[in-house]
Amino acid sequence: MSLKKRLFAATYDRMSAPTEDAGLRDRRRELLAQAHGRVLEIGGGTGANLPVYGAAVSSLTVTEPEEPMARWLERRVKDQHRPIELVRASAEKLPFEDGSFDFVVSTLVLCSVQDQPRALAELRRVLKPDGRLLFIEHVRSEEDRLARWQDRLNWLNQLVVNCDCNRPTLEGIRAAGFSIAALTRGKLPKAPPFARPLIVGAAVPDPASANGTRRN
């Protein structure tokens, strides 16, 4: 367990508080209000989404692969007034059966997974055929000039918050066999300009996609 990872986990809530207070928390609440049934959240971090889930969520499972974050998340889980299953697993290798969940949630996670195509394939696999992926992600800008700055400064983003701010995540979601059901573009408040481009939305498995093939 590296010192950098321990420090990042210990200071994450403090670093993200201005962004949450400036509107991200409201975006979480609005998006996750539609979640119901069996829900899986990947990369739960320190548990910012936990208080947002409503009573329609009958079962909540949260994964977190990084041990320092998982320890903070474990404390937050104990404070909730609902049973929550915490699983230490990466998004690229989810220990769940095909078609297990009604909703899968990813908020500011797909920028940091090591293998985004594999992670998205796993999300599609564990979703029911009529399930939904709910996402909030900061992404590569549609503006060429800003996108170039994202490429130049991505090393800094990796150093500070361990994620890639220049990933074309929306295209990745589509390539993984999803259709976009709802999409809002915005800005991550209080973030540096090169990390601000944001997408918020929902995607559904595309039955016509070959990526939907179940694994044996």
Based on a Kirkwood Rh over C-alpha pairs, give the Stokes-Einstein translational diffusion coefficient of region 40-151 at 37 °C and viscosity 0.692 mPa s in µm²/s. 221 µm²/s
Expected max-MSF residue from F103, F194, F135 in the GNM of the chain (alpha carbon, under 10 Å) is F194
Give me K5, K78 ranked fewest to most by other Cβ atoms within 10 Å of their Cβ, as a rough exposure proxy. K78, K5
Sort R148, R140 so the one with the fewest other Cβ atoms within 10 Å of its own Cβ comes first. R148, R140
With θ taken as phi - 60° and the coefficients 6.51, -1.76 and 1.60, list the Karplus ³J(HN,Hα) couplings across region 110-126 in order, rounded to whole Hz; mark glycine and proline as x. 5, 7, 10, 5, 5, 10, 5, x, 5, 4, 5, 5, 5, 4, 5, 4, 7
Give the distance, in whole Å, between the Cα centre of region 32-87 and the Cα centre of region 116-140. 17 Å
Between K78 and Q158, the FRET efficiency computed from the C-beta separation at R0 = 22 Å comes out, to the nearest 0.05, as 0.10
Contact order relative to length for the chain, counting C-alpha pairs under 8 Å separated by 6 or more residues, stands in percent at 19 percent
Mind putting a number on the dipole of region 3-207 about its Cα centre? Charges go on the C-beta only, +1 for Lys and Arg and -1 for Asp and Glu, and I need it in Debye to the nearest 20. 500 debye
Could you give the length gained by full extension between S2 and E20, i.e. 0.36 nm per residue of separation minus their alpha carbon distance, to one decimal place? 3.8 nm
Per 0.36 nm of contour for each residue apart, how much would the distance between A175 and R29 grow if the chain were fully extended, relative to their Cα-Cα spacing? 49.8 nm
What is the antiparallel percent of DSSP beta bridges lying wholly in region 3-207, to the nearest 5? 45 percent
Residues H81, H138, H36 in order from fewest to most other beta-carbon atoms within 10 Å are H81, H36, H138
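Coordinate-derived values only; no laboratory data. These numbers were taken from a predicted model, which means no experiment stands behind them. All Cβ positions, even for glycine, are placed from backbone atoms using ideal geometry, and neighbour counts span all protein chains on display.
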